[in-house]
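Working notes for the structure below.
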Amino acid sequence: MCGIVGYIGEEQAAPILLEGLSRLEYRGYDSAGVAVYGGGAMQVRKAKGRLSVLDGLLDHGKALEGVVGVGHTRWATHGAPSDVNSHPQVSRSGKIAVVHNGIIENYVQLRSFLQEQGVSFVSETDTEVVAQLVDYFYEDGRVDILEAVGRCLRRIEGAYALGILCADASDRLIAVRKDSPLILGLGEGCTFLASDVTAILRHTREVIYLDDGETAVLTREGARCYDHLMRPVEKAVSHVDWETDAAEKGGYEHFMFKEIMEQPEALRRAILPRLRGGEVVLEGFGLSDAYLRSLKKLYIVACGSSYHVGMVGKYNLERLLRIPVEAALASEFRYMDPILDEGTLVVVISQSGETLDTMAALREAKRLGARVLSIVNVVGSSIARESDEVLYTWAGPEIAVATTKAYSTQLAVLDLLGLYIARRRGSLDAGTCREVLEEMARLPEKLEQVLSRRDDIQYLASQHFSHSSVFYMGRNVDYALGLEGSLKLKEISYIHSEAYAAGELKHGTISLIEPGTLVVALGTYPPLTGKTVSNIQEVRSRGGQVLAVTTESHREDFSHAAGAVITVPDTHPMLLPSLTVAPLQLFAYYVALMRGCDVDKPRNLAKSVTVE
Ligand code: M6R
């Protein structure tokens, strides 16, 4: 998500902070800021846009005196990119400056609480709540700053890495980590904090990895660490020998692989803040219950992988809502003269929020009188701004052209939306909703299990990387997944690939099967696994090779029929695609790697397609 860096030492802090932030810009780049204590005052400088804007303002940091400070490069989650929403966020007394990575889930309640105490807010961010709350407990120095931070931590919920500077205690910095990475760097007469080791590698390679719930007090001599109960803990110092390029990728060889591995964390961010008491809670959602009850039809409109999410959504949401749900390619939708009116909700899905075809479809939908809700990753993007309503995926920046974590979070958010609307329309009872949501909360952990078995998939890739053509087949949501698996493979490995609804095999495609042809058969959707097994047999009896993906409870059925079987944990049927997509991503990744392809930047493609 965002990038954090902090420094305390003997040198001028701002140039070090800016240089560190430049190493983190790949994590977020819609605005940046620094807070430095110097000349007897807290000095805060922030600027919307790329880091270079701030760098220019501060003459590469030379313009800001002081030997202690924190810096931040932002990827907006709460509040559009703007100077005021940039970090550091500063408390009303001007004494507490906070940089934050993550999401404070209960910020709305805390904000109300503080407002009742007379605190006024200047930004739309959840981070400002932390600055104000620490200040509230600090009570103008009546409580030690560490104690004030500890009290704040007992009140906030969510995921966070925090860097805190207090004007009254400028001989130290405070660092806190919970479910969001944060490391400390130990230099000669200086100490650092950073969300990524990349930010500090030029200064030190001796680091402490904070664990969840831990707090650290940094001075120029080193760091003291505390557990979640503020009891002192001894931490091991690790030596980092990565080069900077590897460090930006968190030690992974490619951004795509890093982003595949980040999916459990991204799912946690997308799902958990939206679950409360067995119901979906969409903070600040503007579509009224009466409007949702009046809906006659849903269109899901998007391009590429985002369209494939829409395909899964068609199956899942139609089942939940019992009204027609259509998935349409944005590039077709705008020219197909769609029948829309105020009874139609158009859901557009876009990671970048800038895809031109999707943007044009959105405008066409509005012109025809429909309301538009978008599911977007990039806060403040064009699609987000022009939609009537936005749900963000909170996946964090996605760098690899082949989308992975954005796909997974789009799917989760679309499912949440379906459940939310279904409850308003009365087409889903409270008990079933609770059951699905309980399963949804377990998805990140189950996905971790799938990813931990990546060596098996790497082995399968080594068996199959030289095919010239690969087919994918499945039924229902597995068909939609097949489309995604096939796109992933072809876009990064350049192997010809197509996906079919398995039932269509005998209507033509089967003529392509010859001895050795590889078919990836997806058979996770419980009511139809038997039918997919029959299709596998049809392929095998013509000499085709089959690699099957199914759930653990169906492993037996498939291992008799297919040459190789990959399993994913069982879960509620509507959530299976969130798990099944991972082996498909990994398979495509390893195959492309073995073929020597440029995985992160496949030929002829761009991350954001802003032309028609
Ligand atoms: O940014 P968007 O979600 O609107 O992008 C849509 C497609 O261009 C995108 O999903 C594309 O298909 C991916 N590269 C697939 O991995």
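General remarks:
- Residue match in segment 511-525 (condition: closer than 30 Å to Glu438 by Cα and modelled with pLDDT under 95): yes
- The residue that is farthest from the chain's Cα centre (by Cα), among those in segment 401-440 that are under 20 Å from Lys488 (Cβ atoms) and open to solvent by 10 Å² or more (accessible area, probe 1.4 Å), is Val401.
- Number of positions in segment 114-144 that are open to solvent by 10 Å² or more (accessible area, probe 1.4 Å) and in contact with a Phe, Trp or Tyr (Cβ under 8 Å, 6 or more places away or on another chain): 3
- Residues that are open to solvent by less than 40 Å² (accessible area, probe 1.4 Å) and either of a type in the set (Val, Ile, Thr) or part of a loop (DSSP other than H, G, I, E, B) (or both), drawn from segment 252-280: His254, Ile260, Ile271, Gly278, Val280
- Of all the listed residues (Glu364, Glu398, Glu354, Glu386), the sole one being surrounded by fewer than 24 Cβ atoms within 10 Å (Cβ to Cβ) and either aliphatic (A, V, I, L, M) or in contact (Cβ under 8 Å) with a residue 40 or more places away in the chain (or both) is Glu354.
- Screening Thr198 on (1) open to solvent by less than 10 Å² (accessible area, probe 1.4 Å); (2) assigned to a helix (DSSP H, G or I); (3) within 24 Å of Val90 (Cα to Cα) shows it passes everything except condition (3).
- Across segment 588-612, the number of residues qualifying as open to solvent by less than 10 Å² (accessible area, probe 1.4 Å) and assigned to a helix (DSSP H, G or I) comes to 4.
- In segment 470-502, the residues that are open to solvent by 20 Å² or more (accessible area, probe 1.4 Å) and part of a helix (DSSP H, G or I): Tyr479, Leu483, Leu487, Lys490, Glu491
- Scan of segment 159-193 for residues that are touching a residue at least 40 places away in the same chain (Cβ under 8 Å), open to solvent by 10 Å² or more (accessible area, probe 1.4 Å) and over 27 Å from Arg269 (Cα atoms), ordered by number: Ala167, Asp168, Ser170, Asp171, Arg172, Leu186, Gly187, Gly189, Cys190
- Counting only helices (runs of 4 or more DSSP H) that sit completely within segment 291-410, those holding 2 or more residues that are touching a strand residue (DSSP E or B) at 6+ places or on another chain (Cβ under 7 Å) and more than 14 Å from the ligand (Cβ to nearest atom) correspond to 304-321, 356-367.
- Qualifying residue in segment 481-492 (condition: modelled with pLDDT of 95 or more, more than 22 Å from Val568 (Cβ to Cβ) and among the basic types (Lys, Arg)): yes
The values are calculated or read from the model by the stated rules, or taken from the named source; none is laboratory data. The model shown is predicted, which means the values in this text are computed figures rather than measured ones. In this analysis, Cβ positions are derived from the backbone assuming ideal geometry, glycine residues included, and neighbour counts consider all displayed protein chains. These accessible areas exclude ligands, DNA and RNA; they are computed on the full protein's heavy atoms, side chains included. Shrake-Rupley method; radii C 1.70, N 1.55, O 1.52, S 1.80 Å.
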